[in-house]
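Single-structure report; data block below.
The values are calculated or read from the model by the stated rules, or taken from the named source; none is laboratory data. It should be emphasised that the depicted structure is a prediction, and the values quoted were computed from it without experimental measurement. FYI the Cβ positions are ideal-geometry reconstructions off the backbone, even for glycines, and counts take in every protein chain you see.
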Amino acid sequence: MSSFKKIIFLFIAIICFNPALGQGLSQSEQLGKSIFTDENLSLYGNQSCASCHGMEVGWTGPVSEVNQYGAVYEGSVTGSFGDRKPPSAAYATQSPVFAFHRQGGGLFIGGNFWNGRATGEKLGNPAADQAQGPFLNPAEQALPDNACVVYFVCTSTYGALMDAVYPDACDINWPADVDTQCAPPGDMVYLDETNAELVETAYDEIALSIADYEASSEVNAFTSKYDAYLAGQTELDAMEKDGLKLFNGKGKCSRCHTSKEKKGQAPLFTDYSFDNLGVPRNFDNPVYDTRGFDWVDDGLGEFLKTRPEYAGMAEDNEGAQKVPTLRNVDLRPDPGFIKAYAHNGYFKSLKSIVHFYNTRDVKPTCDDPFTSDADAMLEGCWPEPEVEENVNDGELGNLKLTDAQEDAIVAFLKTLSDGYISD
């Protein structure tokens, strides 16, 4: 790119994306948002990060019909699916770098993805490490090479912004057939060593900008009714107050979903640890169509097996999944919209998952392992856990909550949706 063109592009980027002109985001955050919402960054130009992480539903799965069943979203390639429901992209940037903490009996904390495999060890930020995964995952955006991601970003309508945020990032000598290589069915882009290194650097910068956007006030808004309550701007009603008391007390929820301010930090409603809750299988998950009904999601244990320093602890962590934030847990565009809960989306209502926490170890095992959460509620049973080992039986399973107390906890959870406007 000539110096004159670079100056023009930088000028356009500054004019178009200056936060002072009404965007409300820094240039890096705006770049991350542009990347986050760009469907062209997929093999068939039909899927962006936002396709699975919708703002209107708390930055998780935005299609009610998908959530109603398997809760796993189809990738860019027709018929390709992952094996877990999309976690929330909001409040994920506060997760620390994945590590084993010996205090308290020993806990793995941090990282992103349900099994923690986006550790943050590469880029110093688990959210940035995570952002690099879906672009190249055949079950998600399915691009064949990280060079394709960089090429599409640099030649996009916001390519000038990439150069503004990361000067010279797009000064890469692309081969003449790069468009063909990045088009379906896709192939590796062959670059010399110098340009391959430039691509690696630019790909890291793309991920860091996505993480910057995910850390912005647009994504991590902290504008729930509970935030307003903590700030003394509103009051919780009687049922919500009862729910908060139960959440912090008899319900034991806050042991993992921390609800109190800490050193001036608004509560994140997760401690970023991992737990096996004994969640049943979601047999509507399309993974069973390809891997068969014997497939088991070992969660954290599966990831630990890939790390020699942790492999000896893998068995004790089979079935453990990341403790999600409860912020925006009820955020939905309309009351009839269905959200899915737990790593596999088995639960379809807050009531059912709270009832499961309360009664998992009290009710008998359903005769039919395919029993849905709604049917299990009616029949007074729960299907067997997907992973029977390592189930947490000290903090849930027999909480002795009444039906009214369950409803109070649900009422409190509904105060955690961003966008609250006080009366």
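Filter the range 164-218 down to residues that are out of contact with any Ser or Thr (no Cβ under 6 Å at 6 or more places or on another chain), part of a loop (DSSP other than H, G, I, E, B) and not acidic (D, E), then give me how many there are.
So the count comes out to 19.
Looking only at the range 84-92, decide whether some residue is among the charged types (D, E, K, R), touching a residue at least 24 places away in the same chain (Cβ under 8 Å) and over 16 Å from S51 (Cβ atoms).
Looking through the range 84-92, none of the residues is among the charged types (D, E, K, R), touching a residue at least 24 places away in the same chain (Cβ under 8 Å) and over 16 Å from S51 (Cβ atoms).
Within the range 231-243, identify whether any single residue is surrounded by 15 or more Cβ atoms within 10 Å (Cβ to Cβ), touching a residue at least 60 places away in the same chain (Cβ under 8 Å) and not in a helix (DSSP H, G or I), and answer yes or no.
Yes, the range 231-243 contains a residue that is surrounded by 15 or more Cβ atoms within 10 Å (Cβ to Cβ), touching a residue at least 60 places away in the same chain (Cβ under 8 Å) and not in a helix (DSSP H, G or I).
On the basis of being under 26 Å from A202 (Cβ atoms), out of contact with any strand residue (DSSP E or B) (no Cβ under 6 Å at 6 or more places or on another chain) and modelled with pLDDT of 95 or more, does G54 make the cut?
Against the criterion (under 26 Å from A202 (Cβ atoms), out of contact with any strand residue (DSSP E or B) (no Cβ under 6 Å at 6 or more places or on another chain) and modelled with pLDDT of 95 or more), G54 does not qualify.
Just the residues that are exposed (fewer than 12 other Cβ atoms within 10 Å of the Cβ) and in contact (Cβ under 8 Å) with a residue 60 or more places away in the chain, please, taken from the range 394-423.
K400, S422, D423
With G116, G110, G133 as the choices, which residue is within 14 Å of the chain's Cα centre (by Cα) and within 20 Å of P267 (Cα to Cα)?
Testing whether each residue is within 14 Å of the chain's Cα centre (by Cα) and within 20 Å of P267 (Cα to Cα) leaves just G110.
Take the range 352-373 and flag every residue that is hydrophobic (A, V, I, L, M, F, W, C), modelled with pLDDT of 95 or more and surrounded by fewer than 19 Cβ atoms within 10 Å (Cβ to Cβ).
Answer for the range 352-373, where residues must be hydrophobic (A, V, I, L, M, F, W, C), modelled with pLDDT of 95 or more and surrounded by fewer than 19 Cβ atoms within 10 Å (Cβ to Cβ): V362, C366.
Count, please, the residues in the range 257-291 that happen to be on the phi > 0 side of the Ramachandran plot and at pLDDT below 95.
First, pick out the residues of the range 257-291 that are on the phi > 0 side of the Ramachandran plot: 263-264, 269, 272, 278.
Then drop every residue that is not at pLDDT below 95, which leaves 263-264.
Result for the range 257-291: 2.
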